[in-house]
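Everything on this sheet refers to the single structure shown next.
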Amino acid sequence: MTRTRSLTLGALGFFAFLGLWEALPAFNIVPASVLPPPSALPNAFWREVTSGIWFAGLLTSLRNYLSGLAIGSVLGVALGVATGMSVTLESFLSWVVRILRPIPGLAWVPFAILWFGIDPAAAIFIITTGVFWICYFAALGSVRAVDRDLIEVADAFGFRSAHQKLIKVILPAAAPGILIGLRTALGQAWMAVVASEIFGVPGLGQRMMQASNLLASDIVVIYMATMAALYGLIDTSFVMLQSWVLRWKR
Amino acid sequence: MISLRGVGLTFARDGEQTEVLRDLDLDVAPGRFITVLGPSGVGKSTLLRVIAGLLPPSAGEAKVNARAEGFRLPVALVFQDARLLPWRTVLTNVGFGLEHGKIGQSERHDKARAALALVGMPGFEKRYPHEMSGGQRQRVALARALAVDPDILLMDEPFAAVDALTRESLQDELVRIHATTHKTVIFVTHSITEAVYLADEVIAITGKPGRLAASIPIDTPRPRRRDDPDNQPLIARLRAILGEEDSA
């Protein structure tokens, strides 16, 4: 199939989807209060933007997202790398990990509210927990999989301390695996953001729930689209960063 | 100057003791080219690691007198499988051993370029290891070892994984580099003809645990011929010492 042909087909499918969506409420097959037609969305979006609510929600959610992501990934990668390099530490932590790891991220919500209240800190805590485990296991696995022969090269050229081996060989060799873990964490963290905001923490998710309670379904769609666009943007940027960092892999 | 006296090496793994080398005496004068022959698993690589200071001997004494001043490392290793760091370019791979903070980046790059020129690889600075052939990677690995200007060059079957023609040209490069730099070379190989072609002295290690079975000086003047008929009795003798298993 040629490129133009597949592009045309893709566009055709997209507009068919929009048309069907528009038709369902227009012919009253589904009431517009339950399924807002796409033609109503630009107007709704404009109202949310001009009132300033959209941008405020976006900033709050992004702040929670990035804070949780930063804390969770730094702690997860650091502990994962340390555990991957030290058998002693791995044995020491093995039982604790076995107990804590199976707890689903959202099962922490009651404690998050108990400890932090309905507050951004609670959202950040939930995001951090989810991101932490993903990064921890990605780092642990990648460090353990580093080719022993390359570590011997570090030894042979006088880099004998654990710190030197970490910088010269282990971290760069483990980077591809750690980055894959980080990318998974990017998506996981968005889910945690939305979930914690649905529980009442301010942000895009909270505004979405308010709109839903008021049956303002067009506004709900605006926030769904906003989250999708943000996630898409962040994921695409990350993939670009990733391929730049790993440019040696061609 | 390398001096091994009664060197033995025993590995302990999962509560089991494996004796790899026993009672090895070896003296190597500076600038000598020594090749080490022996069947697989006899401890040739282990011997190199003892000389490199990567493994302390379990018995005896290993003295290695080599200078380590400024950026120089006393000893450098070349491995069979090149072992370049895949995330680094050729230039930064070659400069790897110079990253001890004693010299700046531009000087490091100059030394790396000089080492690349020495092994016949100028112009490859920006390549990544996966963009090169096995023979080219092995030249880069040799350059990485030469860049730290070691007194002693330890080579662990460095040409075993390349095709026959590349192997011969790498051997000739090494002979030329040895003649100009006067480094001490300890070269482990499976190939008797390679050992005899390259060395000032061939040593053979056999048995389990490995012991020194023979130490034979090669006085054939250089440049040498691979098919020198004068070497045939020596090759036959080494073949007999090593058993028929390594007749390459």
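The values are calculated or read from the model by the stated rules, or taken from the named source; none is laboratory data. Because the structure is a prediction, the values reported are computed rather than measured. Note that we place each Cβ from the backbone using ideal geometry, even for glycine, and neighbour counts take in every protein chain shown. Areas reflect the complete protein model, heavy atoms only, side chains present, ligands, DNA and RNA absent. Shrake-Rupley method; radii C 1.70, N 1.55, O 1.52, S 1.80 Å.
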- [ ] Mind pulling the angle between the C-alpha long axis of helix A:87-100 and the longest principal axis of chain A? Nearest 10 degrees, somewhere in 0 to 90.
- [x] 30
Open item on the list: Can you list residues from other chains, or at least 5 along the same chain, whose modelled amide H is less than 5 Å from the amide H of B:Gly60?
Closed with: B:Gly8
Task: Portion, in percent, of the accessible area of the protein assembly as shown that falls on carbon or sulfur, probe 1.4 Å - done: 62
Open item on the list: With θ taken as phi - 60° and the coefficients 6.51, -1.76 and 1.60, list the Karplus ³J(HN,Hα) couplings across the range B:158-168 in order, rounded to whole Hz; mark glycine and proline as x.
Closed with: x, 10, 5, 9, 10, 5, 4, 5, 4, 4, 5
Task: For residues of A:146-158, the mean tally of beta carbons on other chains within 10 Å - done: 6
- [ ] Using the Karplus curve 6.51 cos²θ - 1.76 cosθ + 1.60 with θ = phi - 60°, work out ³J(HN,Hα) for each residue of the range A:175-187 in order, rounded to whole Hz, and write x for Gly and Pro.
- [x] 3, x, x, 5, 5, 5, x, 4, 5, 4, 5, 4, x
- [ ] For an R0 of 30 angstrom, estimate the FRET efficiency from the Cβ-Cβ distance between A:Val239 and B:Glu173 and round to the nearest 0.05.
- [x] 0.10
- [ ] Search the structure for amide H atoms under 5 Å from the amide H of B:Phe187, placed 1.01 Å from N in the peptide plane, and list their residues when 5 or more places away or on another chain.
- [x] B:Ile34, B:Thr35, B:Val36, B:Met155
Open item on the list: Using the Cα centre of the range B:186-236 as the reference point, and only Cβ charges (+1 on K/R, -1 on D/E), how large is the resulting charge dipole? Debye, rounded to the nearest 20.
Closed with: 200
- [ ] Using +1 at the Cβ of each Lys and Arg and -1 at the Cβ of each Asp and Glu in the protein assembly as shown, identify which of B:Met155, A:Ser217, A:Leu233 lies farthest towards the dipole's positive end.
- [x] A:Ser217
Task: Peptide B:82-94, shielding by other chains (average Cβ, 10 Å cutoff) - done: 3
Open item on the list: With every protein chain kept in place and ligands, DNA and RNA left out, what is the accessible area per residue of the protein assembly as shown? Probe 1.4 Å, answer in Å².
Closed with: 49
- [ ] State the percent of C-alpha pairs, over all pairs in the range B:142-248, separated by a distance greater than 19 angstrom.
- [x] 46
Open item on the list: Suppose each label sits 7 Å from its Cα in the direction of the beta carbon; what would the A:Ala121-A:Arg63 distance come out to in nanometres?
Closed with: 1.5
TODO: Rounded to whole Hz and in sequence order, give me ³J(HN,Hα) for the range B:67-82 from the Karplus expression 6.51 cos²θ - 1.76 cosθ + 1.60, θ = phi - 60°, writing x for Gly and Pro.
DONE: 7, 9, 10, x, 7, 6, 9, x, 9, 9, 10, 10, 9, 4, 9, 6
Open item on the list: List the chymotrypsin sites (Phe, Trp or Tyr not before Pro) within the range A:117-193 that DSSP assigns to loop and that have no more than 15 neighbouring Cβ atoms inside 10 Å.
Closed with: none
Task: Cross-link pairs beyond the 24 Å C-alpha cut-off, checked among A:Lys165/B:Lys102; B:Lys63/B:Lys183; A:Lys165/B:Lys208; B:Lys111/B:Lys183; B:Lys44/B:Lys102 - done: A:Lys165/B:Lys208; B:Lys44/B:Lys102
TODO: List every residue whose amide H lies under 5 Å from the amide H of B:Thr206, counting only residues 5 or more places away in sequence or on a different chain, with H placed 1.01 Å from N in the peptide plane.
DONE: B:Arg211, B:Ala213
TODO: Please give the FRET efficiency for A:Thr184 paired with A:Arg101, using the beta carbon to beta carbon distance and R0 = 22 Å, rounded to the nearest 0.05.
DONE: 0.90
- [ ] Evaluate the distance, in nm, between pseudo-label points positioned 7 Å from the Cα of B:Ala160 and of B:Ala117 along their respective Cα→Cβ axes.
- [x] 3.4
Open item on the list: Taking a ≥ b ≥ c as the square roots of the Cα gyration tensor eigenvalues, with a/c under 1.5 meaning rounded and otherwise prolate when a/b beats b/c, else oblate, which class fits the range A:1-117?
Closed with: prolate
Task: Principal axis dimensions, the range A:152-250 - Cα atoms, whole angstrom, descending - done: 69, 28, 13
- [ ] With a point put 7 Å past each Cα toward its Cβ, work out how far A:Phe111 is from A:Ala78 in nm, to one decimal.
- [x] 2.0
Open item on the list: For the protein assembly as shown, what does the convex hull of the Cα positions come to per residue, in cubic angstrom?
Closed with: 224
TODO: Between the chain alone and the structure with every protein chain in place, find the residues of the range B:109-146 that drop at least 40 Å² of accessible area; heavy atoms, 1.4 Å probe.
DONE: B:Tyr128, B:His130
